[in-house]
Amino acid sequence: MTSLNGQRDLLGVRVALLTLLIAGCSVSNNPAMPGVAASSAASGTKSSNELVVDKFTSPTYGNNLPSPLTPDGAGNYYGTTSVGGLGYGTLYELSPNGQDGWSQTILHTFTNYLDGGFPEFTPLIFDKHGDLYGIAHNGGANGLGVAFRFRRTAHGWVEKVLHDFGNGDAYPFNNVIVDRAGNLYGTDNVYHDGGGITEGVYEIGSSRSGGQYKIIYDLGMAAANGGGGGLVMDPKGNIFGLSSGFIEPAIVFELERTSGGWNSVVLFKFKQIASYPLGAPVLDKAENIYGTTADGGSGQHGTVYKLRPSKAGHWKMETLYAFKGGADGGGPYAGVTFDGSGNIYGTTLGGASNSGTVFELTANTHSEKVLWTFDGKDGSAPLAPVVLDGAGNLFGTTSSGGGNKRCYAKAGCGNVFELTL
């Protein structure tokens, strides 16, 4: 069994990868104030307005690495930060305040003890009962992470730890998904006798009551689990996943639900590690798979891709768009989001100010429109996917810039933004 020090070394590698990505993004030391809107009508962009909804602060010199925002369908948004609060992360809610602004409420401050700690890039998910699920990468009874559920009560949101990692499993990463029966699924590191470390897909049964943990698929490869990849479930309960390989090229796989358990199949294997497919997979209605690569394409600035099954049963990759760098953007670290018309939205780390962009690929033609270019004052390093509201406005988070200066490179802790088109 790998030693605890060895496990923490792996975590250090993951954090170092994220730090390198963020360090490549220049930022400004003049943060924008919340509630101040700016507009963009630069050459080659679609006229847009940005509102800094909320800015993050931190008691330590570290980026918040905020999660994507999760809407509740009633106009409120939920997310996590990996630091802040007592220094170990927070769970927060953003709600309209009725005055054309937003109010932030801290629902839980993690202590890095039994409740978990450092929920970096933790996408939250609601079940049909309105409970929130996610993971924290550290803390818990064994100090190696937890899977949690938060339930709204008359006394506020109350956490229940569904699983303490640390018995041959450690450091959960990426998103979790919940099926109709309330079973929870996610990815973690699996430690084998003899020192091998691989990525596993786990199931926690009957998550509302805290069921049994088990590995349903061992990928047999070490994952470069730096916030990339993840799982998605189709309407039939089958699971599709992306694993960004640590020393091997990434793969896309499917877990088909059967009467006896799960049948696994590798759908596609990327040709080289340098492709860096990091964005979480997204399914369309025909169950084609979409995502982003942070590298690759004609200019090696990253791509948006589509995977589709061929008549022969093999999956083929189509590059929908290859970024050109510069003002066009580059390094699309996060995944993509669809609107009801089939247009695709996402973010890049590069841009005219090297602080990131928000882009749109139009349906069918997949021509690109740069909707917004960050300048550091209004945020920098958007590492999470955007979400859309019913009116077509985009909401997202940045990991640095635009906030309190007590952060990485003294450049701001990141923020929440709203983009109206």
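Derivation of every value follows stated rules applied to the coordinates shown; laboratory data play no part. All values reported here derive from a predicted model rather than from experimental measurement. So basically every Cβ, Gly included, is an ideal-geometry build from the backbone, and we count neighbours across all protein chains shown.
Of all lysines in the structure, the ones whose alpha carbon falls short of 19 Å from that of residue 285, not counting any fewer than 8 places away in one chain, are 236, 306, 311, 316.
Only Cα pairs under 8 Å and 6+ residues apart enter the sum, and on that basis the relative contact order of region 69-169 stands at 19 percent. Between residue 65 and 82, the built amide H atoms are under 5 Å apart, and every one of these is 5 or more places off in sequence or on another chain. Above 21 angstrom, tally the Cα pairs of region 63-157 and express them as a % of all pairs, no decimals. Of all Cα-Cα distances in region 63-157, 28 percent exceed 21 Å.
When 190, 336 are arranged by Cβ crowding within 10 Å, least crowded first, meaning fewest neighbours, the order is 190, 336. How many angstrom separate the Cα center of region 117-137 from the Cα center of region 230-287? Centre-to-centre distance over Cα atoms comes out at 21 Å. Look at 318, 360 and count the other Cβ atoms within 10 Å of each Cβ; fewest to most, that gives 318, 360. Mean silhouette area of region 311-363, derived from the convex hull of its C-alpha atoms and averaged over all directions, reads 4.6 nm². Our summary gives region 104-263 a relative contact order of 13 percent, counting only alpha carbon pairs under 8 angstrom and 6 or more residues apart.
Note that region 340-385 shows a convex hull volume over its alpha carbon atoms of 67 Å³ per residue. By the Cα gyration tensor, region 186-345 has an equivalent ellipsoid whose semi-axes, rounded to whole angstrom, run 28, 19, 15 from largest to smallest. Taking all Cα-Cα distances within region 101-218, those exceeding 16 Å account for 59%.
As a ratio to 2.2 N^0.38 Å, the alpha-carbon radius of gyration for region 51-119 is 1.13.
For a straight C-alpha distance cut-off of 19 angstrom, the lysines reachable from residue 214 (same-chain residues fewer than eight places away being disregarded) are 160. Neighbour counts of other Cβ atoms within 10 Å put 213, 133 in the fewest-to-most order 213, 133. Sorted largest first, the principal axis extents computed over the alpha-carbon atoms of region 152-208 equal 49, 23, 18 Å.
Computed over region 235-293, the convex hull of the alpha-carbon atoms projects to a mean area of 4.4 nm². The residue among 345, 300, 376 whose Cα reaches farthest toward the positive pole of the charge dipole of region 240-392, with charges on the beta-carbon of Lys, Arg, Asp and Glu, is 300.
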